[in-house]
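To keep things clear, I will list the structure first and then write my remarks on it.
The values are calculated or read from the model by the stated rules, or taken from the named source; none is laboratory data. As the structure is a computational prediction, the values presented were derived from the model and not from experiment. Here the Cβ positions follow ideal geometry from the backbone for every residue, glycine too, while neighbour counts run over all protein chains shown. With ligands, DNA and RNA removed, areas are computed over all heavy atoms of the protein, side chains included. Shrake-Rupley method; radii C 1.70, N 1.55, O 1.52, S 1.80 Å.
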Amino acid sequence: MSSAGAAFRTLDQLTAEHDLRGKRVLVRVDFNVPLVSGESGLQVGDDTRVRAALPTVRTLLDAGSTIFLISHLGRPKGAPEDAFRMGPVAARLAELLGQEVRYLAVDGPVSAEQQSFVAAAPPGSVTLLENSRFDARETKNDPEMARILASYADYYVNDAFGAAHRAHATTEAVAHLLPSAAGALMSAELTALRRLTDRPERPFVVVLGGAKVSDKLGVIESLLEQADAIIIGGAMAYTFELARGGRVGRSLVEPDLVDTARRILDNAAERGVELLLPADSLCAQELAAGVETRVFPTGNIPADWLGLDVGPAAVEEFSRVLEGARTVFWNGPLGVFETPPFDTGTTAIATLVASLDAYTVVGGGDSIAALAQTGMQDRIDHVSTGGGASLEFVEGVELPGVTALEAN
Ligand code: ADP
Ligand code: MG
């Protein structure tokens, strides 16, 4: 688990050991935010990720450096697309910083026009570069793209924990070309997540939900070796229930993963890890708000019904297990929380986790949205900004964006 033993330079070390006055710093941030239509065009819908980058940006400004921020946004296909320009993010960042943020709509972050714009940056300014994924070479971890990016700056700081599990030009290749450091957010994420992987206080209880077993297979298998109990909710539970021989009606399942689920159940039993499936489910005949609902045992759902949330008996059992926990990691909503009343189980568990006297970590975009609905984010010890990256970290997979920092 090399990510866990990381020996990279922190931002504090960088500012203490190097005089950054008049120096140029390229900062990889995670500004992959939702954009919504506003009065004057697109604007940032949820600015959590922009705010999360502020400590690093302010530290670097206070140190007297000139900053170039780069991020991906959405999934443009390696070419410019107006719907994914960074302009709205630059506007929001300027408001939050109380300082001008330079931005120019260009074809890509290393286009000739972008290079001239970078060259013209005055000392102490903040520039937001164009979407890294407007250039097809970003996701190929291309050395030439990285070389041009490195030519923009004297130092490289990676604060994009949410992108650290990808080896891309802006997260991996460029880190080898400049003296590098982990940003404040990156360091905070790694410190918090290490408390889960590095001798967690026991009992260590994991709550996993969401739509697909396939997304979380790796983490489940690895957590079998680390956790004392694994609670499974969401649609994932129905694939496991099928593997146990239950009837799950029209619930969302992944038939090709039933054998894998059976192997995981056997493995858990052998290891003495408690693997809990929801005893009952809140079901409906279609997914819509205000439909007729009924509670059925999860292994006995009638043919034309589907399980959309964990039921009351499941919440009670899960709560009992969670109440004894000293460490909790939660990823994935336990039901279709976007459509009431199928948010009931998720809300109940979120409320309980927030009240626990345990070290609690929540990760995953939808899980954070569900947590935000309860208004209890502040009572969670660590809310991870990176869903996929936090899962891979907990799974013990090396994060290329972190490893690259260790080398430099
Ligand atoms: P996260 O973003 O926190 O990692 P996921 O993306 O893995 O979470 O899963 C979230 C999605 O899972 C939500 O859109 C939710 O509606 C869906 N989901 C949860 N339970 C069910 C269910 N029983 N049936 C269908 N979808 C479900
Ligand atoms: Mg999600």
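Projecting the Cα atoms of Ala7, Ala94, Ala79 onto the charge dipole of segment 1-115, computed from C-beta unit charges around the Cα centre, puts Ala7 farthest toward the positive end.
Across the accessible surface of segment 1-156, with the other protein chains kept in place and a 1.4 Å probe, carbon and sulfur atoms take up 48 percent.
Just so you know, the Cα atoms of the chain work out to an Rg and Dmax of 22.7, 69 Å. Note on the chain: with charges restricted to the Cβ of Lys and Arg (+1) and Asp and Glu (-1), its dipole about the Cα centre is near 540 debye.
The phi-based Karplus calculation (6.51 cos²θ - 1.76 cosθ + 1.60; θ = phi - 60°) puts the 3J(HN,Hα) values of segment 96-110 at 5, 7, x, 8, 4, 10, 6, 8, 9, 6, 10, 5, x, x, 10 Hz, whole numbers, x for Gly and Pro.
The GluC sites (Glu not before Pro) of segment 239-329 that meet both conditions, a loop assignment by DSSP and at most 14 other Cβ atoms within 10 Å of the site Cβ, are Glu286, Glu292. Neighbours of Ala153 by Cβ distance under 10 Å: Lys/Arg scored +1, Asp/Glu scored -1, total +1. Over the residues of the chain, the helix contribution to mean residue ellipticity at 222 nm works out to -10500 deg cm²/dmol, using -39500 (n - 2.57) for each DSSP H run of at least 4. Under a 5 Å amide H cut-off, with hydrogens placed 1.01 Å from N, Gly233 pairs with Leu208, Gly209 among residues at least 5 apart or on other chains. Other residues within the sphere of radius under 13 Å centred on the Cβ of Ala16, judged by their own Cβ, net out at -3 (K and R +1, D and E -1). Could you please state how large a percent of the accessible area of segment 202-357 is carbon and sulfur, counting protein chains only and using a 1.4 Å probe? Solvent-exposed carbon and sulfur of segment 202-357 make up 49 percent of the total. Taken over the Cα atoms of segment 1-144, the convex hull encloses 137 Å³ per residue. Our summary gives the chain a relative contact order of 17 percent, counting only alpha carbon pairs under 8 angstrom and 6 or more residues apart. Of the GluC sites (Glu not before Pro) in segment 84-183, the ones in a loop by DSSP (not H, G, I, E or B) with at most 16 other beta carbons within 10 Å are Glu100. Listed by chain and number, the lysines placed with their C-alpha closer than 29 angstrom to that of Lys77 are Lys140, Lys212, Lys216; residues fewer than eight positions away on the same chain are left out.
With +1 on the Cβ of every Lys and Arg and -1 on the Cβ of every Asp and Glu, and nothing else charged, how large is the dipole of segment 202-357 about its Cα centre, in debye rounded to the nearest 20?
Charge dipole, segment 202-357, about its Cα centre: 160 debye, nearest 20.
Oblate is the label for segment 202-357, because the ratio a/c of its alpha-carbon gyration tensor axes (a ≥ b ≥ c) is 1.5 or higher and a/b is not greater than b/c. Taking a ≥ b ≥ c as the square roots of the eigenvalues of the alpha carbon gyration tensor, segment 113-242 is prolate, as a/c is not under 1.5 and a/b beats b/c. Dividing the convex hull volume of the alpha carbon atoms of segment 269-408 by its residue count gives 146 Å³ per residue.
Protein heavy-atom accessible surface, 1.4 Å probe, per residue over the chain: 40 Å².
For Ala372 and Glu316, FRET efficiency with R0 = 25 Å and r from the beta-carbon atoms, rounded to 0.05? With R0 = 25 Å, the Cβ-Cβ based efficiency is 0.50.
Among rounded, prolate and oblate, which fits segment 171-216 when a ≥ b ≥ c are the square roots of the eigenvalues of its C-alpha gyration tensor, a/c under 1.5 means rounded, and a/b larger than b/c means prolate? Since a/c reaches 1.5 but b/c is at least a/b, the shape of segment 171-216 is classed as oblate. When the Cα positions of Gly396, Val29, Ala243 are compared along the charge dipole of the chain, Val29 comes out farthest toward the positive end, with charges on each C-beta of Lys, Arg, Asp and Glu.
Label zone (Ala289, point 7 Å along Cα-to-C-beta; backbone nitrogen cut-off 17 Å) within segment 300-326: none. With a cut-off of 12 Å between beta carbons, the residues surrounding Arg85 carry a summed charge of -3, where Lys and Arg count +1 and Asp and Glu -1. In this structure, the amide hydrogen of Asn300, modeled 1.01 Å from its nitrogen in the peptide plane, lies closer than 5 angstrom to those of Arg247, counting only residues at least 5 positions away or on a different chain. Among the trypsin sites (Lys or Arg not before Pro) in segment 278-335, those located in a DSSP loop and surrounded by at most 16 other Cβ atoms within 10 Å of their own Cβ are Arg326.
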